[in-house]
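Participant: Okay, handing you the structure first.
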Amino acid sequence: MTIRTADFGEDFTWGVASAAWQVEGAWNTDGKRPSVWDEATLRGRVRGGLVALEGSDAFYRLDEDLDLLQAMGVTANRFSVSWPRVYGDGRGPWIDKGGEYYDRLVDGCLSRGIEPWLTVHHWDLPQALWLEGGWTRRGIVEDFAAFAEQLALRFGDRVKNWMVFNEPLSVMGHIAGGIFEDRLGPRPLKALQSMHHMNLACAEAGRRMRAALPEGHKIGTTNVFTLCAPFDATGRLKKAQRTLEALTVDAFLDPAGGLGYPFEESVFLRPLKRYVQDGDLEACAFDYDFMGVQYYGPTPMKSVPLVGGLPVPSLRGAEANVKSTTSIPVEPKGLTEILRRYQHHPACKRFVITESGFGGFDRKDRDGRVRDDLRVWYARTHLEALRDAMDEGIPVDGFFQWSYADNIEWIFGREGRYGVIFVDYDDDFRRIPKDSYRWFQQLLTTGEVD
Ligand code: FCB
């Protein structure tokens, strides 16, 4: 089926996305301080070892990369700012040289007709703040809001679209999974405590940014929207699904939308009550201009064992046949389902698909070409699913392909390749546009592609 940009509307944003830690490298250059992910790499937690600290060398290839994006035809570039590159150990002072890098990035986008979309935080917390307790320390709410405000003051004259936080759920996963060094007590509880502080931090940062940014600039945030499959479950299975979804999706959206936490729907959330202080539920609410949907695939759920009469989801048994390198099952319909289900949520006035993409074990063929048919298939089917939702009148303003170039897929290191541009790590990070890059290029420069 043909994909046409016209079907998505004239003002639709077509972008690519990346995150500072995954692409930049230069982890201790120009006064940058270590982040939790640098530290995790140094302690051997990232597959492939220390090379992860080089990212995909984007810090040193800014113009080359932006030229490739311009030639691809995108109208927006979503990137994040590394907190320890511009604000040292977490509370400043501002590091001029770090800031200049983002000035060049923002200006480089604009001079090529590309809108910069800035994510305030994409997981690379300053290690020094982690040692103070990370997201478990309530004071981090103020630290984060002050950092966000700084960015708004410094880049707000040129950046019109902002995202406060990338996937707080995933940060809970890192904490619960013990990726970072910790001596702070039982991890599931720490993850829940961190969740509450991230919810408070997002809203507080949103308010401070709103006050600092010129009128009309847009503030959104992003969340993991992983619904449980099958989507048409009923009875006990449905109840078990809601138990999980309330923890993974609604526990972020509901507080933002002023609804408090869905304690009734999820036993997993109940221990959180001890961390919620008077006035917190009001303080977690913020009127986002858009909600960023990050969708890779559903959470398959098949059987529902019972513990003490309560359904406990069993995640065994994937629904879909195709899996990405990071074991995520693929189900394009999930995107339509998410948008349908949350279209009336008070935190979701409008949507932007801030991440979608396919991780593969791509390789360069003898002729030097990278044939990533699965990624093209993935993009086509997800864009069709998105168009179905938009045809129903659901307001979606943009789509960002994750990612523009291969990069460090967190604990998987260089193994999960998500780029539409191949990074040849054996040949000085050489950039090789993949077939998927050409596919998007045709779509974005001619208006349609088969
Ligand atoms: C998302 C992350 C992003 C990238 C993709 C594959 O959860 O936000 O940084 O790792 O997964």
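The values are calculated or read from the model by the stated rules, or taken from the named source; none is laboratory data. The structure displayed is predicted, hence computed values, not measured ones. Every residue, glycine as well, gets a Cβ built from its backbone with ideal geometry; the counts of neighbours run over all protein chains shown.
Participant: Tell me which residues, restricted to the range 334-361, are crowded, with 16+ Cβ neighbours inside 10 Å and either at pLDDT below 95 or among the aromatic types (Phe, Trp, Tyr) (or both).
Facilitator: TYR342, PHE351, PHE358, GLY359, GLY360
Participant: Is the range 369-378 home to any residue that is within 16 Å of the ligand (Cβ to nearest atom), in contact (Cβ under 8 Å) with a residue 60 or more places away in the chain and either over 21 Å from the mean Cα position of the chain (by Cα) or under 20 Å from PRO329 (Cβ atoms) (or both)?
Facilitator: yes
Participant: On to the next question. Taking the conditions exactly as written (farther than 16 Å from CYS228 by Cβ, surrounded by 14 or more Cβ atoms within 10 Å (Cβ to Cβ) and either touching a strand residue (DSSP E or B) at 6+ places or on another chain (Cβ under 9 Å) or at pLDDT 95 or above (or both)), does ASP367 satisfy them or not?
Facilitator: Spelling it out, it is not the case that ASP367 is farther than 16 Å from CYS228 by Cβ, surrounded by 14 or more Cβ atoms within 10 Å (Cβ to Cβ) and either touching a strand residue (DSSP E or B) at 6+ places or on another chain (Cβ under 9 Å) or at pLDDT 95 or above (or both).
Participant: Moving to a separate point now. What are the pairs with Cβ atoms under 6 angstrom where one residue, in the range 1-30, is part of a helix (DSSP H, G or I) and the other, located anywhere, is buried (at least 21 other Cβ atoms within 10 Å of the Cβ) and β-branched (Val, Ile, Thr)? Sequence gap at least six, or different chains.
Facilitator: Qualifying pairs under 6 Å: GLN22/ILE408.
Participant: Go through ASP426, ASP388 for me and flag whichever is out of contact with any strand residue (DSSP E or B) (no Cβ under 7 Å at 6 or more places or on another chain) and buried (at least 16 other Cβ atoms within 10 Å of the Cβ).
Facilitator: Being out of contact with any strand residue (DSSP E or B) (no Cβ under 7 Å at 6 or more places or on another chain) and buried (at least 16 other Cβ atoms within 10 Å of the Cβ) holds for just one of ASP426, ASP388, which is ASP388.
Participant: Counting only residues that are within 16 Å of the ligand (Cβ to nearest atom) and outside any strand (DSSP E or B), how many does the range 414-432 have?
Facilitator: Residues flagged as within 16 Å of the ligand (Cβ to nearest atom) and outside any strand (DSSP E or B) within the range 414-432 amount to 6.
Participant: Can you name the condition, by its number, that PHE180 falls short on among (1) touching a His at 6+ places or on another chain (Cβ under 7 Å); (2) part of a helix (DSSP H, G or I)?
Facilitator: (2)
Participant: Then there's this: When you scan the range 154-169, do you find a residue that is crowded, with 23+ Cβ neighbours inside 10 Å, within 16 Å of the ligand (Cβ to nearest atom), assigned to a helix (DSSP H, G or I) and at pLDDT 95 or above, even just one?
Facilitator: yes
Participant: Give the residues of the range 195-247 that are aromatic (Phe, Trp, Tyr) and within 16 Å of the ligand (Cβ to nearest atom), sorted by residue number. Full working, then the answer.
Facilitator: Looking only at the range 195-247, we keep the residues that are aromatic (Phe, Trp, Tyr), and these are 225, 231.
Passing the criteria: only PHE225.
Participant: Do we find that PRO298 is touching a residue at least 60 places away in the same chain (Cβ under 8 Å), closer than 20 Å to TYR342 by Cβ, crowded, with 16+ Cβ neighbours inside 10 Å and not hydrophobic (A, V, I, L, M, F, W, C) in this structure?
Facilitator: The answer is yes for PRO298.
Participant: Looking at VAL51, VAL23 in this structure, which one is at pLDDT 95 or above, closer than 13 Å to GLU409 by Cα, surrounded by fewer than 17 Cβ atoms within 10 Å (Cβ to Cβ) and among the hydrophobic types (A, V, I, L, M, F, W, C)?
Facilitator: Being at pLDDT 95 or above, closer than 13 Å to GLU409 by Cα, surrounded by fewer than 17 Cβ atoms within 10 Å (Cβ to Cβ) and among the hydrophobic types (A, V, I, L, M, F, W, C) holds for just one of VAL51, VAL23, which is VAL51.
Participant: For the range 217-237, does any single residue satisfy the condition of being part of a helix (DSSP H, G or I), closer than 28 Å to LYS302 by Cβ, in contact (Cβ under 8 Å) with a residue 40 or more places away in the chain and more than 17 Å from the chain's Cα centre (by Cα)?
Facilitator: Yes: one or more hits.
Participant: Consider ARG270 against the criteria (1) in a helix (DSSP H, G or I); (2) under 20 Å from CYS348 (Cα atoms); (3) free of Cβ contacts under 8 Å to residues at least 60 places away in the same chain: it satisfies all of them except one. Which criterion is unmet?
Facilitator: Result: ARG270 fails condition (2) only.
Participant: Select from the range 433-444 the residues that are under 16 Å from ASP365 (Cβ atoms) and either among the charged types (D, E, K, R) or away from the ligand (no atom under 16 Å from the Cβ) (or both) and list them in ascending order.
Facilitator: PRO433, LYS434, ASP435, TYR437, ARG438
Participant: Next up: Can you name the residue in the range 391-413 that is surrounded by fewer than 20 Cβ atoms within 10 Å (Cβ to Cβ) and more than 28 Å from GLY9 (Cα to Cα) and, of all such residues, is farthest from the ligand (Cβ to nearest atom)?
Facilitator: GLY413
Participant: OK, next. Go over the candidates TRP83, TRP37 one by one and state the one that is closer than 24 Å to LYS160 by Cα and under 19 Å from the mean Cα position of the chain (by Cα).
Facilitator: Working: TRP37 fails: closer than 24 Å to LYS160 by Cα.
Of TRP83, TRP37, the one residue that is closer than 24 Å to LYS160 by Cα and under 19 Å from the mean Cα position of the chain (by Cα) is TRP83.
Participant: Among the residues of the range 90-111, is there at least one that is within 16 Å of the ligand (Cβ to nearest atom) and buried (at least 16 other Cβ atoms within 10 Å of the Cβ)?
Facilitator: No, the range 90-111 contains no residue that is within 16 Å of the ligand (Cβ to nearest atom) and buried (at least 16 other Cβ atoms within 10 Å of the Cβ).
Participant: Any residue in the range 408-426 that is closer than 20 Å to ASP373 by Cβ sitting within a Cβ distance under 6 Å of a residue that is part of a strand (DSSP E or B) and more than 13 Å from the ligand (Cβ to nearest atom)? List the pairs, counting only those 6 or more apart or interchain.
Facilitator: Listed pairs, sorted by first residue: ILE421/ARG431; ILE421/PRO433; PHE422/ILE432; ASP424/ARG430.
Participant: Could you say which residue among ALA246, ALA240 is under 26 Å from GLY309 (Cα atoms), crowded, with 18+ Cβ neighbours inside 10 Å, modelled with pLDDT of 95 or more and not β-branched (Val, Ile, Thr)? Spell out how you get there, then give the answer.
Facilitator: Values: ALA240 fails: modelled with pLDDT of 95 or more.
None of the others qualify; the one that does is ALA246.
Participant: Does any residue of the range 38-51 turn out to be over 26 Å from ASP426 (Cβ atoms) and touching a residue at least 40 places away in the same chain (Cβ under 8 Å)?
Facilitator: yes
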